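Any read-out appearing in this document is the output of simple, stated calculations on the displayed coordinates, not a laboratory observation. Since this is a predicted model, take the numbers as computed values, not measurements. Cβ sites come from the backbone with ideal geometry, for glycine too, and all protein chains shown count toward neighbours.
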Amino acid sequence: MRTVLSIVVLALSPSSVASAQAQAPNPWWDGYFASATRVALPDGRRINLYCQGKGAPTVVLDAGLGDGAWGWRAVQGRIAATTRVCAYDRAGYGQSDPGPEPRDLRALTRDLEAVLTAGKVPGPYVLVGHSAAGLTTRLFAYRHPERVAGLVLVDPSTEGQGPRLAAAAPGMMKAQTLMASAGKACAQSSRSPAMEKICVRAPADLPVALAERWTHLQGPGHFQTVGSELDGMMGPNSAQMEAEWRPFGAWPVQMLTRGDSAMPGGDKAEQAAADKVWREMHVETMRLAPRGVHRVIAGAGHYIQQDKPDAVVDAVAEVVAQVRAARR
């Protein structure tokens, strides 16, 4: 089951490190820190919600494990040029309060339901989920079909992926276990200076003036949340999805699958085998979508929204256009 870490290892070197090369500061960060709203949930927790643009339908961006709203910074502003778009920090990430344990699929979906309601985000929604959030957006859609207009799944996790990836690439287990240990070290309340450098790495496009704000977001609580969400992925999430499984219905759905390997560890043969299984699982998921479009994005790894942001922007624009056309 721990081979699921091959999809979430970037929680330790996430979209937070956009490139090994320096990048021009991204103005998205200024808006995130200055304009986001900490929405009060019924239980008193506050969840950070950052919305831009105007128009309907509202696009809702849900990032993968280890990422907050910043996982969408390369695409949110561009989507906002044509419609309302909201990203949020899940509980325990970024500027959001931590959530109660366990942080499994049902808990994450309840939080998404609560933040959209408490934040008075108008529906219907085009839900965009990356990686593990592909399951959250699907479960929300299954539970609230009247509030959903379409889906865009960005290299998403799928139910039952752990055992299938483990069978395809058993030699990756050692690397994944080491990565899990590194994550646990980052979650310790007292981190050595050396661990601090490993755990807190500023994004290449973060303005220098905001570096201290970023460091604050990457405290032990962030990595505790990563570990808790990972426990959900390796434990109950697949069963929770399967319990509410159903076809997508009439929604327009787009699936984007990475074209490049993103599986760390193992030899080339195992990487190829794991990639093959990953794509097969995406094909199987899209059989649920009679109006679905499935694209493999050449030159993109797991973070398609960073490697090939045009692909994500275009997919969202196409779904939004279909929703608008259906209402005319």
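Measuring nothing but how far apart in sequence close Cα pairs (under 8 Å, 6+ apart) lie, relative to its length, the chain scores a relative contact order of 24 percent.
Within the straight-line cut-off of under 22 Å between alpha carbons, the lysines reachable from Lys120 are Lys54, sequence neighbours fewer than 8 places apart in one chain being disregarded.
Here the simple spin-label model places points 7 Å from the Cα toward Cβ, and for Val283 and Ala34 these points are separated by 4.9 nm.
Taken along the Cα-to-beta-carbon direction at a fixed 7 Å, the label points for Ala167 and Glu242 span 1.2 nm.
Evaluated with a Cβ-only charge set (Lys, Arg +1; Asp, Glu -1), segment 80-157 carries a dipole of roughly 220 debye about its Cα centre, given to the nearest 20.
Taking 0.36 nm per residue of separation and subtracting the current Cα-Cα distance, fully stretching the chain between Ala118 and Met234 would add 38.7 nm. Estimated purely from DSSP H runs of n ≥ 4, each contributing -39500 (n - 2.57), the mean residue ellipticity at 222 nm for the chain is -13000 deg cm²/dmol once divided by its residues. Taking every DSSP beta bridge that has both ends in segment 51-136, the antiparallel portion is near 20%. Our estimate of slack between Gln23 and Ala298, defined as 0.36 nm per intervening residue step minus the Cα-Cα distance, is 96.7 nm. Beta bridges per DSSP, both residues in the chain: antiparallel share near 25 percent. Taking 41 Å as R0, compute the FRET efficiency from the Cβ-Cβ separation of Arg46 and Ala269 and round it to 0.05. E between Arg46 and Ala269, to the nearest 0.05, is 0.30.
Taking the chain as a Gaussian network of alpha-carbon nodes connected by springs under 10 Å, the highest mean-square fluctuation of the residues Asp310, Asp97, Asp43 belongs to Asp43.
Of the residues Asn237, Pro57, Ala204, the one whose Cα sits farthest towards the positive end of the charge dipole of the chain is Pro57 (charges of +1 on Lys and Arg Cβ, -1 on Asp and Glu Cβ, taken about the Cα centre).
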